[in-house]
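Visitor: Pasting a structure here, questions to come.
Values quoted throughout were computed directly from the atomic coordinates according to the rules given, and no laboratory measurement underlies them. Remember, it's a predicted structure, so these values are computed and weren't measured experimentally. Counting neighbours? That spans all protein chains shown, and the Cβs are built from the backbone with ideal geometry, glycine included.
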Amino acid sequence: MNVNSAELSNYATRFIDLLFDYSPKLISAFLILFIGLYAIRLTNRIIRKVMIKRNLDPTLSKFLADILLWALRILLFVTVISNLGVPTSSFVAILGAMGLAVGLSLQGSLSNFAGGMLIILFKPFKVGDTIEAQGVVATVIEIQIFVTKLVTGNNQTVFIPNGALSNGNIINYSMQGERKADLTFAVSYDSDIKKTKDILLDVLIQNPKVLKTPAPEVFVKNLTASSVEFAVRPWAKNENYGAVFSETLENCKTALDEAGIAIQPYTLQK
């Protein structure tokens, strides 16, 4: 194979000329990239501090900061590409086509994004609330763009897509600040109704975790074929609900035993 030295020299000269001609654009593009990334990090940090000083909701602050971060990154990318000589109009057209394709393939993710926006705007719950949704009872620890992160009572981490969460039923146990326990005790027909009510009510009154207002309630709930059912309903602060529930079960059982009042078998606690 014959190699023409004149052609090689011509190609080398053209390559060097092209390199010298394109080097300023390449160098400036890299400078814009590195300076832009630093400026984006600095801007994002300042925005977060401003939101904290304005006492904005932590979830909303993080959500807005994340959106701003990605918007600035896309803007920086477009600027770098444009500086390299790629026509911006062509890039925008390509980006639009890619966005359409990605949108069609990620309909579920877009639904989750929209669900996250709805949760942030309408606030059916916030970080720290205990909720029941999608068959899970857990405490919210983070609301992300696409999913909500929760921790259950046995320390399991659960991620629920925001789309399903925003479109389903949500029970917020923390929103009202107080919660009522609803328990049922069944005793035999031989038991004195008034005495039983007084004993059960005294158990609730003696528990310091049971709220005085709203007042605890004890009343006959039902007359079954084999027993008289009493509804026992103490109120408690959300943070004391679990303790009040278990203590009421234990203390009522102990008090009834001491009074010689027999609890019927197959008692239901609700």
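Visitor: Specify which residue in the list Asn251, Gln206, Pro234 is farthest towards the positive end of the charge dipole of region 178-258, using unit charges on the beta carbon of Lys, Arg (+1) and Asp, Glu (-1), about the Cα centre.
Guide: Value computed over the given set: Pro234.
Visitor: Starting from region 183-270, pick out the chymotrypsin sites (Phe, Trp or Tyr not before Pro) whose DSSP state is loop and whose Cβ has at most 12 other Cβ atoms within 10 Å.
Guide: Here the sparse-neighbourhood loop sites are Tyr189, Tyr266.
Visitor: Next up: Whole-Hz ³J(HN,Hα) for each residue in region 70-76, computed from phi via Karplus 6.51 cos²θ - 1.76 cosθ + 1.60 with θ = phi - 60°, x for glycine and proline: what do you get?
Guide: Rounded to whole hertz, the list is 6, 5, 5, 5, 5, 4, 5.
Visitor: ³J(HN,Hα) across region 227-240 via Karplus (A = 6.51, B = -1.76, C = 1.60, θ = phi - 60°), whole Hz, x for Gly/Pro?
Guide: Running phi through 6.51 cos²θ - 1.76 cosθ + 1.60 with θ = phi - 60° gives 7, 9, 9, 10, 8, 10, 10, x, 9, 8, 5, 3, 5, 9 Hz.
Visitor: Nothing charged except the Cβ atoms of Lys and Arg (+1) and of Asp and Glu (-1): what's the magnitude of the dipole of region 103-262 about its Cα centre? Round to the nearest 20 debye.
Guide: With Lys and Arg at +1 and Asp and Glu at -1, about 500 debye.
Visitor: Let me ask something else. Assign unit charges at the C-beta atoms only (+1 for Lys and Arg, -1 for Asp and Glu), then state the dipole size of region 178-258 relative to its Cα centre in Debye, rounded to the nearest 20.
Guide: 320
Visitor: If you don't mind, there's one more thing I want to ask. Give me the dipole magnitude in Debye, nearest 20, for region 138-215 about the Cα centre, with unit charges on the beta carbon: positive for Lys and Arg, negative for Asp and Glu.
Guide: So the dipole magnitude of region 138-215 works out to roughly 140 debye.
Visitor: Starting from the Cα gyration tensor of region 124-172, take the square roots of the eigenvalues, sort them a ≥ b ≥ c, and report rounded, prolate or oblate (rounded when a/c is under 1.5, otherwise prolate if a/b is larger than b/c, else oblate).
Guide: rounded
Visitor: Under 5 Å between amide H atoms, partner at least 5 residues away or on a different chain: which partners does Gln144 have, H built in plane at 1.01 Å?
Guide: Lys149
Visitor: Another question, then. Of the listed peptides 73-85, 196-208, what is their order by residue-averaged count of other C-beta atoms within 10 Å, with the highest listed first?
Guide: Going from most to least packed, we get 196-208, 73-85.
Visitor: Okay, next question. For region 173-184, in order, what is each residue's ³J(HN,Hα) by Karplus, 6.51 cos²θ - 1.76 cosθ + 1.60 with θ = phi - 60°, in whole Hz (x at glycine and Pro)?
Guide: 7, 9, 4, 7, x, 10, 9, 9, 8, 10, 10, 10
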